[in-house]
1. Being within 18 Å of GLU112 (Cβ to Cβ) and surrounded by fewer than 15 Cβ atoms within 10 Å (Cβ to Cβ) narrows it down to one of GLY198, GLY208, so name that one.
2. Kindly indicate which of ALA42, ALA82, ALA74 is touching a helix residue (DSSP H, G or I) at 6+ places or on another chain (Cβ under 6 Å) and modelled with pLDDT of 95 or more.
3. Out of LEU47, LEU9, which single residue is touching a helix residue (DSSP H, G or I) at 6+ places or on another chain (Cβ under 9 Å), part of a strand (DSSP E or B) and either surrounded by fewer than 18 Cβ atoms within 10 Å (Cβ to Cβ) or aliphatic (A, V, I, L, M) (or both)?
4. Considering only residues that are outside any helix (DSSP H, G or I) and more than 23 Å from the chain's Cα centre (by Cα), look in the stretch 216-262 and name the one that is nearest to GLY10 (Cα to Cα).
5. Here are some residues: VAL173, VAL191. Which one is in contact with a Phe, Trp or Tyr (Cβ under 6 Å, 6 or more places away or on another chain), surrounded by 13 or more Cβ atoms within 10 Å (Cβ to Cβ), more than 15 Å from LEU88 (Cβ to Cβ) and in contact (Cβ under 8 Å) with a residue 12 or more places away in the chain?
6. Can you tell me which of VAL52, VAL31, VAL17, VAL36 is touching a Leu at 6+ places or on another chain (Cβ under 9 Å) and aliphatic (A, V, I, L, M)?
7. Picking from PHE120, PHE213, which residue would you name as being touching a Leu at 6+ places or on another chain (Cβ under 8 Å), buried (at least 16 other Cβ atoms within 10 Å of the Cβ) and of a type outside the set (A, V, I, L, M)?
8. Run down ALA29, ALA61, ALA70 and say which single residue is under 21 Å from PRO177 (Cα atoms) and small (Gly, Ala, Ser).
Amino acid sequence: MTDPAQVELGVDTFGDVTLDDDGRPKSQAQVLRDLVEQGVLADQVGLDVIGVGEHHREDFAVSAPEVVLAAIAARTTRIRLASAVTVLSSDDPVRVHQRFATLDGVSGGRAEVILGRGSFVESFPLFGYDLEQYEELFSEKLDLFAALLPQKPVTWSGRLRPALTGQRVYPLVEHGPLRTWVGVGGNPESVVRAARYGLPLVLAIIGGSPSHFVPLVQLYHRALDTLGRERLPVAVHSPGHVAPTDEEAKEQLWPHYQVMTERIGRERGWGPTTRSHFEMAASREGALYVGSPETVAQKIARTVRELGLARFDLKYSNGTLPHAAMMRSIELYGTQVAPRVRELLSGG
């Protein structure tokens, strides 16, 4: 783990479609404008990173994270700008690198990309990709993306994409290479693959106990050691919500969390979401970081210690949770949670 003072604390969002004051879904356009305001606030309260996810469905507004991040870049000065994640399997690695290199240029070197396979699959039929090739698409495209990072002429060939022969990709990242992570769920093969390419790892922990992911971190370190690579950062992305008290945070989040998880659950064959499930996830051992600033800080600090993290990103958007509640959550996270986490990690 890095020095406690150097641990990055960020926020992530998928641009979930929220409700207006009358309880009606906002337009996706308004959600995008709200998201920019959330990013500006995250910068103002001193958070290190904002990550914006990519989806192609009605309940999420963001299909082009780098465009939203560019809008945030124009109104901020220091916060790093990340995808969370970019679905590389259904995109072109060259274009992804170009877009984030462009974002890096206009933001003064603040861009980074988190590459993943995506937990939703709407992008595959939308862009004409075969789900039967789900694994092969990501593997081959990650191989090409890794070849682009040194910013030298690239000669590369694969089975699913046309070859490159001594070609360079522009614009060049000014202080390159582009900061690139690999996002994974719980797949050991994906962890080893990130190590093989020498890329930092982001663990999406959205269920179960964070401590159960310790073996994956250990596997990652062993793979790096075996490959003769230096130790690389590990980050965690987990959902949560901060309010002045534990009870207020839970009561604000629960109805929106229930709607969101049951909607996704119907698509995936899960059973109904109960309040007891929610309370378990919100408990000391669960993957939901919800509560007062002190409660959330204690839980984040424990996760950072257990997994030896360089970064923790709180996914502050949760289904239809209103914009005002998310803004308050970001404010508390930046002004109270983040300083307390660093104090705890320093032995305070």
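The values are calculated or read from the model by the stated rules, or taken from the named source; none is laboratory data. The structure presented is a predicted model; accordingly, all values stated were derived computationally and were not measured. Here Cβ is always computed from backbone atoms with ideal geometry, including for glycine, and neighbour counts include all displayed protein chains.
1. Values: GLY208 fails: within 18 Å of GLU112 (Cβ to Cβ).
Answer to the check: GLY198.
2. Values: ALA82 fails: touching a helix residue (DSSP H, G or I) at 6+ places or on another chain (Cβ under 6 Å); ALA74 fails: touching a helix residue (DSSP H, G or I) at 6+ places or on another chain (Cβ under 6 Å).
Answer to the selection: ALA42.
3. Details: LEU47 fails: part of a strand (DSSP E or B).
Matching residue, one of LEU47, LEU9: LEU9.
4. To start, the set of residues in the stretch 216-262 that are outside any helix (DSSP H, G or I) comprises 227-245.
Those still in the list that are more than 23 Å from the chain's Cα centre (by Cα) too: 227-230, 244-245.
Details: LEU227: 30, GLY228: 30, ARG229: 26, GLU230: 24, PRO244: 19, THR245: 21 Å.
Among residues in the stretch 216-262 that are outside any helix (DSSP H, G or I) and more than 23 Å from the chain's Cα centre (by Cα), the one nearest to GLY10 (Cα to Cα) is PRO244.
5. Numbers: VAL173 fails: in contact with a Phe, Trp or Tyr (Cβ under 6 Å, 6 or more places away or on another chain).
It is VAL191.
6. Numbers: VAL31 fails: touching a Leu at 6+ places or on another chain (Cβ under 9 Å); VAL17 fails: touching a Leu at 6+ places or on another chain (Cβ under 9 Å); VAL36 fails: touching a Leu at 6+ places or on another chain (Cβ under 9 Å).
Only one candidate passes the filter, namely VAL52.
7. Values: PHE120 fails: touching a Leu at 6+ places or on another chain (Cβ under 8 Å).
Every option except PHE213 fails the conditions.
8. On the way: ALA29 fails: under 21 Å from PRO177 (Cα atoms); ALA61 fails: under 21 Å from PRO177 (Cα atoms).
The conditions single out ALA70.
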